[in-house]
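Nothing in this text is a laboratory measurement; each read-out follows from the coordinates by a stated rule. The model shown is predicted, which means the values in this text are computed figures rather than measured ones. Glycine also receives a Cβ, built like all others from the backbone with ideal geometry; neighbour counts cover every protein chain displayed.
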Amino acid sequence: MVPSDTLTITDNRTNRTYTLPIEDGTIRSMDLRQIRTSNDDFGIMAYDPAFTNTASCRSSVTFIDGERGILEYRGYPIEVLAEHCTFLEVAYLLLFGELPNEAELNTWIYEITHHSMLHESTRKFMEGFRYDAHPMSMLVSTVAALSAVYPQAKDVQNPANRLHQVKRLIGKMPTIAAMSYRHGVGFPYVYPDNDLSYTENFMNMLWRMVEPKYAANPVLARALDILFILHADHEQNCSTNAMRSVGSSLADPYLCVAAAAAALAGPLHGGANEQVLKMLDEIGSKENIPAYVRRVKEGHGKLMGFGHRVYKNYDPRAKIIKWTAEQVFRVTGRNPKLDIALELENIALQDDYFVSRKLYPNVDFYSGIIYQAMGFKPEMFTVLFAIPRTVGWLAQWQEMLTDTEQKIARPRQIYTGHRTRRFLPMQERETAGVVKK
Ligand code: CMC
């Protein structure tokens with residue numbers, strides 16, 4: 001009798017039957033390779049552009065149930081972590097799998113705090129950018145440049161060495177982010193202040209002017225901390241996949257994080273929060289929403305901050321962000337864009353186009369409105385996403401490096417081009433018509 005946890009496939013080309021094991025609701029693509037029509041047939045592959053139905057790893061970091069709108073880090077619901085923890089506590093959880101006790105947390109905070117300075121050559125490197133450089137471009141390039149500052153980071157198989165780089169990266173990301181902002185506005189750089197918490201120090205490096213000591217507004221500092229918790233990891237998204245893919249070649253973690261941040265910069269991923277603000281500006285007022293939604297439905301652009309590859313329900317992070325927005329607005333005053341956003345959400349969630357496609361607001365829909373109220377320019381939004389996501393990237397990178405099943409990431413292709421053509425000397429070639437003068 002055939003075991004029940006198997007899949008039986010009949011190849012109608014040969015009439016042969018194969019029985020493949022099912023483990024965790026998954027068959028192994030390599031098990032398909034045995035399905036061949038002849039000895040010199042390569043065997044069947046799985047074709048999955050954009051990995052819409054392919055598990056690339058086993059992971060115990062983050063759980064998402066997209067149908068039910070559930071997000072958990074290491075088994076803890078995101079709502080609980082956002083309510084009770086600080087960002088660095090959650091960072092510890094993501095990286096090491098358990099919540100720290102008080103002594104562990106204090107040591108962890110001390111170590112991250114003492115890795116927040118940049119080498120002066122890195123500061124000068126950042127000064128070399130044009131005055132109008134996008135802060136995300138500066139962040140990606142500067143993180144990559146840290147690879148030159150810390151050549152010993154190449155020893156990625158050494159756990160102690162890895163941990164050292166992990167602390168450096170988490171410590172330095174806010175410093176690089178803040179410098180990328182101050183460069184754009186022409187303010188002098190502010191060095192880290194070790195007396196302050198992670199987010200307070202970030203605010204200090206962003207906004208301190210001539211006062212001898214920066215005092216962050218506690219409500220805004222907590223809101224930023226919550227936003228950092230919400231953005232810390234999100235399993236195998238585009239940037240995490242980039243982190244794992246580049247990391248699988250054993251490149252050093254600075255190069256891997258730069259690659260992941262580059263993936264995050266795109267408007268379909270972390271860059272969406274900046275696009276949401278542009279969209280709300282373009283809409284301008286509530287009366288223009290129906291016409292805007294109609295244009296989206298006719299295929300002219302997308303509703304930025306809506307839809308998700310995994311969530312087919314309300315993004316649980318978007319709910320917490322809405323609550324956080326209320327706290328922030330009590331301090332900063334209400335961002336008028338919130339009313340447009342709320343009305344847009346309202347209209348979209350009653351519209352069959354969005355309902356039938358299960359398109360709900362995602363994390364980026366409301367985060368930009370809060371960030372703007374706090375005084376951030378839209379160009380900074382994706383940088384704000386990259387700071388906490390660095391923790392998730394590093395947790396996933398460590399998991400990948402210690403997973404004995406992983407190898408260098410190297411997908412297959414279905415080749416659609418020409419085969420072995422006769423080479424034509426220049427005088428025999430016709431106009432290719434590709435490059436026009
Ligand atoms: N506005 C209008 N239509 C949409 C949208 C949207 N925001 N998102 C998806 N659709 C439509 C899409 O055109 C398609 O329609 P049809 O079936 O008629 O062809 C259908 O919904 C399914 O969409 P898809 O493009 O196949 O879905 P995907 O899983 O490939 O893409 C996504 C997911 C997030 C890239 C996409 O929803 C999108 O582009 N959203 C806007 C950008 C955005 O907010 N990105 C942030 C994502 S969350 C945070 C993060 O990852 O950083």
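Summed over all non-identical Cα pairs, the Kirkwood treatment of the range 63-183 gives a radius of 16.4 Å.
Using helices alone, what [θ] at 222 nm do you get for the chain, with -39,500 (n - 2.57) per DSSP H run of 4 or more residues, divided over all residues and rounded to the nearest 500?
Numbers: 17 runs with 212 residues, N = 437.
One gets -15000 deg cm²/dmol as the mean residue ellipticity at 222 nm.
Using a 10 angstrom cutoff on alpha carbons, build the Gaussian network for the chain and name the most mobile of 31, 364, 40. Looking only at 31, 364, 40, the biggest GNM fluctuation is shown by 40.
The residues neighbouring residue 421, those whose beta-carbon lies less than 13 Å from its own, together hold a net charge of +2 under the Lys/Arg +1, Asp/Glu -1 convention. Residue exposure proxy: 337, 297, ordered by other Cβ atoms within 10 angstrom of their Cβ from fewest to most, comes out as 297, 337.
Using only the Cα atoms, what convex hull volume per residue in Å³ does the range 66-401 have?
Working: hull volume 44.7 nm³, N = 336.
Taking only Cα atoms, the range 66-401 has a hull volume of 133 Å³ per residue.
What is the helix-to-structure angle for 363-374, meaning the angle in degrees between its Cα long axis and the longest Cα principal axis of the chain, kept from 0 to 90 and rounded to the nearest 10? The angle comes out near 20 degrees.
Could you estimate the translational diffusion coefficient of the range 376-422 from the Stokes-Einstein equation, with Rh from the Kirkwood formula over C-alpha pairs, at 4 °C and 1.567 mPa s, in whole µm²/s? Could you put the intermediate results ahead of the total?
Working: Rh = 14.9 Å.
Result for D is 87 µm²/s.
Centre-to-centre, using Cα atoms only, the range 85-139 and the range 355-374 are separated by 26 Å. The coefficient of translational diffusion for the range 307-437, derived via Stokes-Einstein from the alpha carbon Kirkwood radius under 25 °C and 0.890 mPa s, stands at 123 µm²/s. Available extension along the chain between residue 53 and residue 334 is 97.0 nm, counting 0.36 nm per residue and deducting the alpha carbon span. Relative to the dominant Cα principal axis of the chain, helix 316-332 is inclined by about 20°. In terms of surrounding Cβ atoms within a 10 Å radius of their Cβ, 231, 183, 84, 418 rank from fewest to most as 418, 84, 183, 231.
Would you mind pulling out the separation of the Cα centroids of the range 310-329 and the range 259-278, in Å? Their Cα centres are 18 Å away from one another. For the chain, take the longest principal axis of its alpha carbons; what is the angle in degrees between that and the long axis of helix 135-149, to the nearest 10 within 0 to 90? The two axes meet at around 80 degrees.
Neighbour counts of C-beta atoms inside 10 Å place 210, 2, 383 in the sequence 210, 2, 383, starting with the fewest. Placing unit charges on each Cβ (+1 for Lys and Arg, -1 for Asp and Glu) gives the chain a dipole about its Cα centre, and among 349, 329, 103 the Cα reaching farthest toward its positive end belongs to 349.
Separation of the range 167-221 from the range 1-32 is 56 Å, based on Cα centroids. For the peptides 268-275, 129-136, the ranking by packing is 268-275, 129-136, with the highest mean count of neighbouring Cβ atoms within 10 Å listed first.
Comparing 41, 315, 281 in a Gaussian network model of the chain where C-alpha atoms under 10 Å apart are linked, the largest mean-square fluctuation is found at 41. Placing a label point 7 Å from the Cα of residue 34 along the Cα-to-Cβ direction, the residues of the range 3-21 whose backbone N falls under 17 Å of that point are 3-12, 14-21.
Rounded to the nearest 0.05, what FRET efficiency is calculated for residue 131 and residue 285 with R0 set to 22 Å and r the Cβ-Cβ distance?
Numbers: r = 33 Å, r/R0 = 1.50.
Once rounded, the FRET efficiency stands at 0.10.
Charge tally for residue 114 (other residues, Cβ to Cβ under 14 Å; Lys, Arg +1; Asp, Glu -1): 0.
Computed over the chain with a Gaussian network model linking Cα atoms closer than 10 Å, the most mobile of 56, 29, 180 is 29.
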